[in-house]
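Presented below is the structure to which this report refers.
Computed from the coordinates by the stated procedures, all read-outs in this text should not be read as laboratory data. What you see is a predicted model; the values in this text were computed from it and never measured. Ideal geometry is used to build each Cβ from the backbone, glycine not excepted, and the neighbour counts take in all protein chains shown.
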Amino acid sequence: MSAEFEVQGIPITEIAEEFGTPLYLYDGDELASRVHGLKEHMHPRLEFFFSLKSNPNIGVCSVLHGAGARVECSSMAELLTVRRAGVAPENIIFLGPGKSAHEIEACLDEGIYTIICESFGELAVIDELARLRGVTAPVALRINPSFAVKGSGLTMGGKPRQFGIDETQVFDNADLAQRHPNVRLMGVQVYMGTRILSEEAIAENTERIFELANRVSDVLEFPLDMVDIGGGLGVAYFEGERDLDLPLLAARVNPIIAEFADAHPETRLVMELGRYLTATSGTYVVRVAYVKESMGEKFAVADGGTNHHMAAVGIGSFVKRNFPMRVLNRIEEPANESWHVTGPLCTPNDTLGKKIALPPVRPGDLVGVLRSGAYGPTASPVLFLSHGYPAEVLVLNGRAHLVRERDTTEDLLRHQHLPETAALATPE
Ligand SMILES: *Cc1c(COP(=O)(O)O)cnc(C)c1O
């Protein structure tokens with residue numbers, strides 16, 4: 001049996017029987033191995049922070065944390081998740097362009113390692129909230145650099161952005177620390193983009209971020225406790241893409257890190273990773289309800305679709321590119337037919353895969369969308385047509401654990417209220 005059709009020796013069909021479909025299935029061994037691979041190859045001073053945005057499930061977070069990842073969070077719920085998963089405050093960073101006072105207060109009360117500040121307005125709020133609490137807030141500046149490096153699916157630098165403070169504005173405000181006495185500037189963060197699959201681009205980013213961090217530290221006169229070089233490392237989803245080669249990445253990036261690390265023996269060096277840590281561990285499992293033909297093309301209509309997996313519609317591309325997909329219970333049959341795999345929504349966009357090579361598909365078959373552990377249900381319109389959130393199952397040490405229950409219809413209706421009857425017209 002190949003690994004795509006069972007997880008740690010458990011047939012996926014069994015898991016689907018037990019927990020129902022549609023379902024997100026995560027392999028805990030794969031999650032841990034992503035962290036271990038990085039630790040094994042990359043410079044020992046580099047610390048890996050898991051970006052919960054890519055998959056905020058508490059079970060997933062605790063496996064990655066157990067394997068040695070620290071965390072980056074961006075909302076109150078993510079902060080509570082990581083605390084409940086047992087992550088120590090000194091290994092938590094918090095970022096995001098629109099932090100509420102409530103969130104900033106929670107960061108201060110929890111005593112997290114640093115708040116990554118994205119604007120001058122936010123810095124003033126952090127300063128004031130710290131003053132009211134009689135504490136000093138550790139703050140790293142997120143900088144929107146003047147440079148951009150090609151090779152990312154979504155390039156951040158060199159453009160007007162709501163994220164971070166423009167590099168030029170940082171240098172025009174050299175007295176920033178003096179103006180915010182309740183803030184301790186302690187670091188620099190730069191995030192260059194997502195889905196980066198070029199080792200060279202990551203090396204170039206890293207070099208330029210270190211150079212920028214040094215200049216900021218010199219001009220604004222604060223020591224660098226931390227430099228966060230962002231991350232955004234990608235995984236291959238589509239034809240023609242290639243996974244990052246860790247030994248090659250290490251060969252390119254480690255000398256750059258070594259030089260900076262030697263010059264800054266006290267500085268924590270941080271890399272933020274979402275997709276790279278979670279994508280390969282996850283399979284989105286749907287059950288085929290109907291098969292039909294329309295104008296000569298074959299359709300497999302499944303019980304889940306883009307309502308749980310919006311990314312499968314296509315990432316940053318007008319042409320539909322397909323995620324890798326398999327019929328999970330037909331391992332031995334050749335994929336010699338062409339199928340559209342669609343979901344239950346009443347929109348033609350609800351297409352998980354177009355013209356996918358699959359074996360003959362029958363009602364009741366399980367279709368798996370592979371490499372789906374990142375930006376799945378939480379980045380999808382799970383409430384569209386009120387199907388709700390799918391179940392999430394994590395396999396650990398050869399046992400399947402339900403780590404999130406699927407929404408029931410009552411869950412979906414609970415938050416709605418009929419207006420008072422007096423305000424409603426009586427049916428005629
Ligand atoms: C989204 C995001 C990440 C995670 O990105 P991936 O591409 O999933 O690794 C990390 N840092 C910041 C600032 C982000 O916005």
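Observations
- If R0 equals 25 Å, the separation of the Cβ atoms of Phe238 and Thr378 corresponds to a calculated FRET efficiency of about 0.70.
- Cβ-Cβ FRET estimate between Leu80 and Lys292, R0 fixed at 35 Å, reported to 0.05: 0.20
- Additional length obtainable on full extension of the chain from Gln178 to Ala425, 0.36 nm per residue less Cα span: 82.6 nm
- Residue-span extension gain [Glu110 to Glu128] - 0.36 nm each, minus C-alpha spacing: 4.8 nm
- Alpha-carbon centroids, the stretch 52-126 and the stretch 264-335: separation in whole Å: 28
- Look at the Cα gyration tensor of the stretch 202-265: its axes a ≥ b ≥ c give a/c of at least 1.5 with a/b over b/c, and that counts as prolate.
- Two-site FRET efficiency, Glu14 against Glu200, from Cβ-Cβ distance with R₀ of 45 Å, rounded to 0.05: 0.55
- For Asp228, the residues whose amide H sits under 5 Å from its own are Val188, Gln189, Val190, Val270, ignoring neighbours fewer than 5 places away on the same chain, with H placed 1.01 Å from N.
- About the Cα centre, charge dipole magnitude for the chain (Lys/Arg +1, Asp/Glu -1 at Cβ), debye: 540
- Overall form of the chain: prolate. Here a/c, set by the Cα gyration tensor axes a ≥ b ≥ c, is 1.5 or more, and a/b is the larger of a/b and b/c.
- DSSP beta bridge pairing in the stretch 280-413, given as percent antiparallel to the nearest 5: 85
- 3J(HN,Hα) from dihedral phi, the stretch 331-344, Karplus parametrisation 6.51/-1.76/1.60, rounded to Hz, x for glycine, proline: 5, 8, 8, x, 7, 10, 10, 10, 10, 8, 10, 10, x, x
- The H on the amide N of Lys355, modeled in the peptide plane, is under 5 Å from the matching H of Trp339, His340, Val341, each at least 5 residues off or on a different chain.
- Under the Karplus curve 6.51 cos²θ - 1.76 cosθ + 1.60, θ = phi - 60°, whole-Hz ³J(HN,Hα) for the stretch 125-130, x wherever Gly or Pro sits: 5, 4, 4, 5, 5, 5
- Computed over the stretch 1-102, relative contact order equals 21 percent, with contacts defined as Cα pairs under 8 Å that lie 6+ residues apart.
- Chain lengthening between Val135 and Asp166 when straightened (0.36 nm per residue, less Cα-Cα): 8.4 nm
- In percent, rounded to a whole number, the relative contact order of the stretch 88-273 is 18, using alpha-carbon pairs under 8 Å and six or more apart.
- For the stretch 280-413, a crude dipole built from +1 on the beta carbon of Lys and Arg and -1 on the beta carbon of Asp and Glu, taken about the Cα centre, is about 420 debye to the nearest 20.
- At most 16 other Cβ within 10 Å, DSSP loop - trypsin sites (Lys or Arg not before Pro), the stretch 257-366: Lys320
- When the chain is treated as a Gaussian network with alpha carbon springs shorter than 10 Å, the biggest mean-square fluctuation among Pro265, Pro359, Pro381 belongs to Pro265.
- Packing, as the average of other Cβ atoms within 10 Å across residues, places the peptides 277-283, 341-347 in the order 277-283, 341-347, highest first.
- Prolate is the label for the stretch 232-294. Its Cα gyration tensor axes, ordered a ≥ b ≥ c, give a/c of at least 1.5 and a/b above b/c.
- For the stretch 88-273, the spread of Cα positions along the three principal axes, ordered from largest to smallest, is 54, 34, 34 Å.
- Residue of Leu23, Leu244, Leu185 that the Gaussian network model of the chain assigns the largest fluctuation, springs spanning Cα pairs under 10 Å: Leu244
- Karplus 3J(HN,Hα) series, Hz, for the stretch 190-197 with 6.51 cos²θ - 1.76 cosθ + 1.60 (x for Gly, Pro): 9, 10, 8, x, 10, 6, 7, 10
- Candidates Asn205, Asn57, Asn397: whichever shows maximal mean-square fluctuation once the chain is modelled as a Gaussian network with Cα springs under 10 Å: Asn397
- The relative contact order of the stretch 147-223, computed from alpha carbon pairs under 8 Å that lie at least 6 residues apart in sequence, is 45 percent.
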